[in-house]
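To start, the structure itself, in structure tokens.
The values are calculated or read from the model by the stated rules, or taken from the named source; none is laboratory data. These numbers were taken from a predicted model, which means no experiment stands behind them. We place every Cβ from the backbone using ideal geometry, glycine too, and count neighbours over all the protein chains shown.
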Amino acid sequence: MSDRPTGPAPPHPTARTTAALHVAAAGYAVAHGDPIARTPAPRRRLRWTVSWQLAAAAGVVVLLVAGGVALRAASVAPGPAVELPVPAPSGTAVRPTVSPAEVVVDVVGAVNAPGVVRLAEGSRVVDAIAAAGGAGPDAQLSALNLARLLVDGEQITVPRPGEQAATASGPAGGDGLLDLNGADEAALDALPGIGPVLAGRIVAHREKGPFTSVDELADVAGIGPTLLERLRELVRV
């Protein structure tokens, strides 16, 4: 009797390996397709499903963002241009506004509205007569120098026929000018810009010798070039 076991013989190792390879090939073909035929296995398509609640929320967010952008653009829109003052250069003093200079004169005599009038500096006798209502029908304007510049504080007398014209109280010649050598201290005091002190100095000066010209008033202390020019058309020697 033989000692060999009875029954079917176990498979050969090579046969088991071949069977395993067939199983693996079949699984690969199912998952990736047949590598020999190069036919790819169909891929599963993924579909994104968005609920209507999520879509509505996204729409609200977009509207809010758009509204914020529009509001921001409107708030920074350029307005009307504003002109800024130009600063003065450093060290430059700002000069205050000065009102125009004026002269005040008293117009009497043959005028329609005698009285004190105010005129701009540089005005003339004819302007003062016009400011006093104009000359009366009996005014003798030929006795006046209508083109003479006015002096602040003077009095202008518009004479009638037979009257003597004068621009200041005191002795005057036919031209209406005050005589420096014949006027008393009160008459000199009435001249614009003189006053009692300068009137006394003028009298004291002529006591040393009469004035020979109006320019000699410059020798009197206190009478400068500006005052001399004012008096030049009011006095004579």
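Output the residue which, of all residues in region 176-229 that are touching a residue at least 40 places away in the same chain (Cβ under 8 Å), under 24 Å from ALA143 (Cβ atoms) and touching a helix residue (DSSP H, G or I) at 6+ places or on another chain (Cβ under 8 Å), is surrounded by the most Cβ atoms within 10 Å (Cβ to Cβ).
LEU191
Kindly indicate whether VAL98 is touching a Lys or Arg at 6+ places or on another chain (Cβ under 6 Å), modelled with pLDDT under 90, within 28 Å of GLY193 (Cα to Cα) and of a type outside the set (D, E, K, R). If you could, list the steps in order and put the result at the bottom.
Values: touching a Lys or Arg at 6+ places or on another chain (Cβ under 6 Å): no; modelled with pLDDT under 90: yes; within 28 Å of GLY193 (Cα to Cα): yes; of a type outside the set (D, E, K, R): yes.
For VAL98, the condition - touching a Lys or Arg at 6+ places or on another chain (Cβ under 6 Å), modelled with pLDDT under 90, within 28 Å of GLY193 (Cα to Cα) and of a type outside the set (D, E, K, R) - is not met.
Answer yes or no as to whether GLY79 is exposed (fewer than 10 other Cβ atoms within 10 Å of the Cβ), at pLDDT below 70 and out of contact with any helix residue (DSSP H, G or I) (no Cβ under 6 Å at 6 or more places or on another chain).
yes
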